[in-house]
Amino acid sequence: MINKQDIINTAKALVAGDKGLLAMDESNPTCNKRFAALGIPQDEETRRAYREMIVYTPGLNESISGAILYDETIRQHKKDGTPIVKALIDAGIIPGIKVDMGAKEMAGHPGEKITEGLDGLRDRLKEYVQMGARFAKWRAVITIGNNIPSQACIEANAHALARYAALCQEAGLVPIVEPEVLMDGDDTIQQCFEVTEKVLRQVFNQLYTQGVILEGMILKPNMILPGLRCLKQESVDKVADATVNCLLQSVPAAVPGIAFLSGGQSGELASAHLNAMNVRFKSRLPWALAFSFARAIQQPALEIWHGKEANVLKAQQALYHRAKCNQAARRGEYNASIETT
Ligand code: 13P
């Protein structure tokens with residue numbers, strides 16, 4: 001029998017204090033793409049060694065509450081035979097698992113995507129629970145463009161997110177609900193605000209319809225930013241204000257925490273944005289503002305590691321540093337001088 005309070009406690013633990021999540025759940029194609037860009041071999045053993053390097057970063061649990069794994073990683077072991085999941089649990093980090101099967105072209109809607117993976121999900125969740133996972137992640141992708149996103153795309157993705165979230169809670173897992181409005185276009189901050197607000201309202205509508213316990217979930221949204229190709233970029237404070245104002249319009253107070261994705265921002269900028277939100281609003285917000293970054297925590301470490309055992313210690317130091325910067329940002333104590341210490 002699933003205990004509702006256990007789910008609520010896990011959700012609270014994931015965003016407690018000044019910690020956040022580490023997303024290390026790149027699918028094999030995505031992980032290979034990042035390896036290929038640096039000339040790192042793209043095979044199972046190299047991916048395993050990379051994830052082992054991350055999980056064994058000394059002191060990672062000082063700033064990381066939970067780590068999101070990919071299906072391949074949750075089944076892998078450290079070189080000495082210790083399962084990666086056990087290594088995380090022993091380090092005081094809650095293991096989570098990405099359970100969607102990827103965003104695919106949406107029929108009848110050129111340029112838009114729908115995330116797949118609901119069929120058979122109940123059985124897959126049972127297996128992940130047995131392996132030690134305590135939370136899960138599902139990512140929906142929304143693109144801003146000419147006449148998109150369509151209502152059809154927003155509704156279909158929100159519906160899938162809500163059905164996934166309900167299945168997670170039935171299995172005793174905390175759902176991380178990730179509707180990502182992509183930030184690589186030329187849209188303005190205002191367009192990003194309007195689309196994100198519309199998407200989040202639809203997502204919470206569907207979560208309500210499907211009976212998802214809001215206290216037992218975490219929202220993983222994009223920040224409100226101009227697209228990377230937009231000519232008018234905005235100040236850190238403007239991004240912080242727009243993001244918090246958008247969330248206040250659309251996220252119920254019962255949700256314990258919001259853990260942002262980084263979406264292609266540099267590590268420094270993602271930390272600065274999160275910091276500004278906490279400096280300016282923290283004492284007035286119903287939910288914790290945390291992080292669930294992949295690239296904004298991992299990228300410098302990946303570049304240093306480069307697939308070589310000899311670089312592990314230096315790479316771990318870089319990973320530890322970015323995690324610590326985001327911990328400082330949760331407290332509203334991040335500044336440029338931390339980067340050089
Ligand atoms: P980024 O922080 O690199 O955007 O990744 C977060 C994530 O988990 C995307 O699903």
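The values are calculated or read from the model by the stated rules, or taken from the named source; none is laboratory data. Bear in mind that the values here come from a model prediction, so they are computed numbers and not experimental data. For neighbour counting, all protein chains shown are included, and Cβ atoms are generated from backbone atoms with ideal geometry for every residue, glycine included. Please note that ligands, DNA and RNA were not included when accessible areas were found on the heavy atoms of the full protein model with its side chains. Shrake-Rupley method; radii C 1.70, N 1.55, O 1.52, S 1.80 Å.
Out of the residues in segment 266-277 meeting the condition of being outside any loop (DSSP other than H, G, I, E, B) and small (Gly, Ala, Ser), tell me which one is farthest from the ligand (Cβ to nearest atom). Spell out how you get there, then give the answer.
Initial filter on segment 266-277 (outside any loop (DSSP other than H, G, I, E, B)): 267-277.
If we keep only those that are small (Gly, Ala, Ser) as well, we get 267, 270-272, 276.
Details: 267: 10, 270: 7, 271: 12, 272: 15, 276: 18 Å.
Ranking the qualifying residues of segment 266-277, first place goes to 276.
Report yes if some residue within segment 222-229 is at pLDDT below 95 and either more than 16 Å from the ligand (Cβ to nearest atom) or not charged (D, E, K, R) (or both); otherwise report no.
Looking through segment 222-229, at least one residue is at pLDDT below 95 and either more than 16 Å from the ligand (Cβ to nearest atom) or not charged (D, E, K, R) (or both).
Is it the case, given these coordinates, that residue 2 is of a type in the set (A, V, I, L, M), in a loop (DSSP other than H, G, I, E, B), over 20 Å from residue 90 (Cβ atoms) and away from the ligand (no atom under 16 Å from the Cβ)? Let's see the steps before the verdict.
Numbers: of a type in the set (A, V, I, L, M): yes; in a loop (DSSP other than H, G, I, E, B): yes; over 20 Å from residue 90 (Cβ atoms): yes; away from the ligand (no atom under 16 Å from the Cβ): yes.
Criteria met by residue 2.
One residue is enough: does segment 298-321 have a residue meeting the conditions among the charged types (D, E, K, R) and surrounded by 18 or more Cβ atoms within 10 Å (Cβ to Cβ)?
Initial filter on segment 298-321 (among the charged types (D, E, K, R)): 303, 308-309, 314.
Next, only the ones that are surrounded by 18 or more Cβ atoms within 10 Å (Cβ to Cβ) stay: none.
Checked against the condition, which is being among the charged types (D, E, K, R) and surrounded by 18 or more Cβ atoms within 10 Å (Cβ to Cβ), segment 298-321 yields no hits at all.
Quick one: which residue in 177, 199, 244 is part of a helix (DSSP H, G or I) and within 16 Å of the ligand (Cβ to nearest atom)?
That would be 199, the only listed residue that is part of a helix (DSSP H, G or I) and within 16 Å of the ligand (Cβ to nearest atom).
Name the one entry in 202, 210, 206 that is out of contact with any Lys or Arg (no Cβ under 9 Å at 6 or more places or on another chain), open to solvent by 20 Å² or more (accessible area, probe 1.4 Å) and free of Cβ contacts under 8 Å to residues at least 60 places away in the same chain.
Every option except 202 fails the conditions.
Residues 30, 73: which one is surrounded by 14 or more Cβ atoms within 10 Å (Cβ to Cβ) and at pLDDT 95 or above?
Working: 30 fails: surrounded by 14 or more Cβ atoms within 10 Å (Cβ to Cβ).
Just one listed residue meets the conditions, 73.
Please go through segment 278-296 and pick out each residue that is more than 16 Å from the ligand (Cβ to nearest atom) and assigned to a helix (DSSP H, G or I). Walk me through it before giving the result.
Within segment 278-296, the first condition is being more than 16 Å from the ligand (Cβ to nearest atom), and the residues that meet it are 278-288.
Once the filter is applied, which keeps residues that are more than 16 Å from the ligand (Cβ to nearest atom) and assigned to a helix (DSSP H, G or I), segment 278-296 yields 278, 279, 280, 281, 282, 283, 284.
Give me a count of the residues in segment 167-199 that are within 20 Å of residue 130 (Cβ to Cβ), open to solvent by 10 Å² or more (accessible area, probe 1.4 Å) and not acidic (Asp, Glu).
Initially, segment 167-199 is screened for residues within 20 Å of residue 130 (Cβ to Cβ), giving 167-176.
Okay, now just the ones that are also open to solvent by 10 Å² or more (accessible area, probe 1.4 Å), so 167, 169-172.
Next, only the ones that are not acidic (Asp, Glu) stay: 167, 169, 171-172.
Number satisfying all stated conditions: 4.
Look at segment 250-265 and say how many of its residues are within 26 Å of residue 25 (Cα to Cα) and away from the ligand (no atom under 11 Å from the Cβ).
Number of matching residues: 5.
Among the residues of segment 297-315, which ones are outside any loop (DSSP other than H, G, I, E, B) and away from the ligand (no atom under 15 Å from the Cβ)?
304, 305, 309, 310, 311, 312, 313, 314, 315
Find the strands (runs of 3 or more DSSP E) located wholly in segment 81-164 whose residues include 2 or more that are more than 25 Å from residue 208 (Cβ to Cβ), and list them.
Ranges flagged: 94-98, 103-105.
Is there a residue in segment 287-309 that is free of Cβ contacts under 8 Å to residues at least 24 places away in the same chain and among the β-branched types (Val, Ile, Thr)?
Within segment 287-309, one or more residues are free of Cβ contacts under 8 Å to residues at least 24 places away in the same chain and among the β-branched types (Val, Ile, Thr).
Of 40, 68, 54, 7, which residue is assigned to a loop (DSSP other than H, G, I, E, B) and either modelled with pLDDT of 95 or more or buried (at least 16 other Cβ atoms within 10 Å of the Cβ) (or both)?
Sole residue among the options that is assigned to a loop (DSSP other than H, G, I, E, B) and either modelled with pLDDT of 95 or more or buried (at least 16 other Cβ atoms within 10 Å of the Cβ) (or both): 40.
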